[in-house]
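What follows draws every value from the coordinates through simple rules; no lab data is involved. Bear in mind that the values here come from a model prediction, so they are computed numbers and not experimental data. A quick note on method: Cβ atoms are made from the backbone with ideal geometry, for glycine too, and the neighbour counts reach across all protein chains shown.
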Amino acid sequence: MSTSEAATRPLGAVARPGRRARSRPATPVIVGAVIVGLLALAALLAPLIAPYDPNEVDFLHTSESPSWSHLMGTDDAGRDVFSRSLYGLRLDLAIVLFVTYVPLPIGVLLGSIAGSFGRGVDSVMARVADVMLAFPFFVLVIAIIAITGPGLKGVLIGVPIAGWALYFRLARSEMLVLREQPFMLATTGLGYSRTRAILRHAVPNLWRTALIYSTLDMVVNLLLLASLGYLGLGAQPPDAELGSIIAGGQPYLLSAWWIATLPGLLLVAYGVGVGLIGDGLSDGRLRSASA
Amino acid sequence: MTRYVLNRVALGLVVLVGLAIATFLIIHLVPGDPVRQALGAQAGPEQIEQVRDQLGLNDPLPAQFWQYFSNSATGQFGDSFVQNTPVGDLVGDRIAPTALLIGYGLLVAFLIGVPLAILAALKPNSAVDHAARLVATFSFAMPLFWLGLVLALLFGLELDIFPVSGYETGVGGILKTLTLPAVTIGLALTVIVLRTLRSGLLEVMQSDYIDAARARGLSERRIVAKHAMRNAVMPTLTIMAIQVGFLISSAVVIEQVFQIPGLGSLLVESVERRDYEVVQTLVLLAGATVVFVNIAADILQAALDPRVRLAGR
């Protein structure tokens, strides 16, 4: 961690925690971490903590308003909205983990290769990434779902196809700086192969920014997945998924407002938690990189 | 200036061709058969083959690409084989509500975002500044369709000010039916306007030429409005151009929430009907819009700021 490295860091990258940050994280970071941790735990333990079976219909207790026995009320078929939301969050987070962390290493690797070679290879790969980033992401994923048919298969294929480009861009811009560093120049001097120089010496220095950025990317992907579920293009019934639960509640907005509104709070809470962590760690710089 | 514009347009055309190739490859290489999907399970293999032949899907890939590319370039998007209607007509009928929704949303974002950004930048760490930051954190986390539903519940159902679904033409009809959807999109965008304009203004207000303007005795109002804004608005312009993709994506979801018959709902309907030719056209249209807006933003920036257009000379 030399000072010259900090000075040459590309714009939008995140400062690594120095001595000051290590001593005690700021309050928003702790609050954010607690929120995200609780939600992740609730999703993981959904089968243990959900008070009801998410798909169990109960026609004696349809559209009941929130109470202690049904924290988020029941829907038009008498299913417990809270239990469904927990299972929905579980499914959403599992998918989001996949679609965020599959493209990440691909993007980082391609980015470090592009940055390392420079010139022709670099400009071709960078243009391809630019094209992927120029697409409205959501529309692109919907196009892929048009081919695979509605369901999670299209999401699992579609999001990684477009998702690598972000990590490519992050890794590439860092690599352009990194390759001029003395220790990277030394790998050439020592006669290391380019493969070894990239995998053993460059990538360990590149993945950290990508990992930090991926927490924000997870929020974006979570909202994307819920939006697809809302449109009926994501998870298919009877699977409980937050977006589709909300869509199912929309016709009853006037008579049973809780079905469509309360499950959304889980999404909001998750995003706010991550936002607080990001804000605290980078004082807002991280978020502007995603904008 | 002419040279700069030509340069930008040429670069944009390259990206457009790239977009066309990418759309084509994605639609043709992702596993799955749109014809089989469209015809359903009852269709026999001969019937599927027949439709595939008719659509040219059995031709070699390069030939298919050339067909698709030359047709798209001349604006012939073919007929939708599910609906037997020219794709161009289907798209043309739906374009107005989407364009109005996006324009109205942008207007809302600027009307709320610009004054708030000025207030927050002139008094950093004031109540307005903190409130703006809090709103930003929440808006980043909120799914747009959910925000739309909550607004529909509050202003549509409880207070009964606006209808919660449908679309009417004419100024009155647009104000009535598009206000809630536009506010939903606008609120999400407001945050971006606010953040970028605030940080832009903060930076500019510390520069020497602002001090010079103060020394000349100009009023603070004139300094902000005429001197600071001109420079501070640049990053906002760039970011807003990047956000076009987000705007298009939001329109897709919001049109569904409020049942607006625009391009977004056409896209979702077409996916449900497995009408892949319409989907292909809409994806290309969305990509092309992003490219065009970015070129326009670059040119606008060059027109406003001589440093941009003279760079690299």
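Name the lysines eligible as straight-distance cross-link partners of B:Lys226: C-alpha to C-alpha under 23 Å, and not fewer than 8 places from it in the same chain. Correct list for B:Lys226: B:Lys123.
Of B:Ser199, B:Thr236, B:Val283, whose Cα points farthest to the positive end of the dipole of the protein assembly as shown (charges on the beta-carbon: +1 Lys, Arg; -1 Asp, Glu; origin at the Cα centre)? The Cα lying farthest towards the positive end belongs to B:Ser199.
Per-residue mean of foreign Cβ neighbours for A:224-233 is 5 (Cβ atoms of other chains, 10 Å radius). Our helix-only sum for chain A, with -39,500 (n - 2.57) per DSSP H run of n ≥ 4 divided by its residues, gives a mean residue ellipticity at 222 nm of -22500 deg cm²/dmol.
For B:Asp79, the residues whose amide H sits under 5 Å from its own are B:Val87, ignoring neighbours fewer than 5 places away on the same chain, with H placed 1.01 Å from N.
Working from label points 7 Å from Cα in the Cα-to-Cβ sense, the B:Glu49 to B:Gln76 distance is 2.8 nm.
For region A:18-158, what does the equivalent ellipsoid look like in terms of its semi-axes, each the square root of 5 times an eigenvalue of the Cα gyration tensor, given largest first in whole Å? Display every interim value, and only then the final one.
Working: eigenvalues 329, 128, 25 Å².
Semi-axis lengths for region A:18-158 are 41, 25, 11 Å.
Each peptide in A:174-180, A:226-232, B:139-145, A:237-243 receives the mean, over its residues, of other Cβ atoms within 10 Å, and ordering these scores from highest gives A:226-232, B:139-145, A:237-243, A:174-180. Label sites at B:Trp66 and B:Thr169, each approximated as a point 7 angstrom past Cα along Cα to Cβ, lie 4.2 nm apart. In region B:88-264, taking the dipole from charged Cβ atoms about the Cα centre, the farthest positive-side position among B:Ala225, B:Leu151, B:Ile161 is held by B:Ala225. No solvent, one uniform scatterer per C-alpha: report log10 I(q)/I(0) for the protein assembly as shown via the Debye equation at q = 0.11, 0.13 1/Å, two decimals. At q = 0.11, 0.13 Å⁻¹ the computed log10 ratios are -1.21, -1.63. Peptide A:126-137 shows a mean partner chain C-beta count of 6 within 10 Å per residue C-beta. Charged side chains reduced to their Cβ positions (Lys and Arg at +1, Asp and Glu at -1) give the protein assembly as shown a dipole of some 3300 debye around its Cα centre. Measuring between their Cα centroids, region A:25-44 and region B:233-281 lie 33 Å from each other.
Structural size metrics of region A:182-291, computed from C-alpha coordinates, are Rg and Dmax of 21.5, 73 Å. Just add up the charged neighbours of A:Asp76: K/R +1, D/E -1, any other residue whose Cβ is under 13 Å from the Cβ of A:Asp76. Combined, the nearby Lys, Arg, Asp and Glu give -2.
Dipole magnitude of region B:130-288 about its Cα centre, charges +1 at Lys/Arg Cβ and -1 at Asp/Glu Cβ only, in debye to the nearest 20?
It works out to roughly 820 debye.
For region B:88-264, report the % of Cα-Cα distances exceeding 28 Å. Cα-Cα pairs in region B:88-264 separated by more than 28 Å: 34 percent.
Considering only B:Gly12, B:Gly245, B:Gly40, the Gaussian network model of chain B with Cα springs below 10 Å gives its largest mean-square fluctuation to B:Gly40.
What's the whole-number percent of alpha carbon pairs in chain B lying beyond 30 angstrom? Walk me through the numbers on the way to the answer.
On the way: 23609 of 48828 pairs.
Distances greater than 30 Å cover 48 percent of the Cα pairs.
For chain A, the normalised intensity computed at q = 0.09, 0.10 Å⁻¹ comes to -0.53, -0.63 (log10 of I(q)/I(0), Debye sum over alpha carbons, equal scatterers, no solvent).
For the listed peptides B:207-213, B:173-179, B:18-24, a ranking on the average number of other beta carbons within 10 Å per residue, highest first, reads B:18-24, B:173-179, B:207-213. Counting, for every residue in A:259-268, the Cβ atoms of other protein chains within 10 Å of its Cβ and taking the mean gives 3.
Here the Gaussian network model covers chain B, with springs between Cα atoms less than 10 Å apart; of B:Ile223, B:Ile192, B:Ile254, B:Ile223 fluctuates the most.
By per-residue mean of other Cβ atoms within 10 Å, what is the highest-first order of B:43-53, A:93-103? Working shown, then result.
Details: B:43-53: 12.8, A:93-103: 18.8.
Taking the mean over residues of other Cβ atoms within 10 Å, the ranking is A:93-103, B:43-53.
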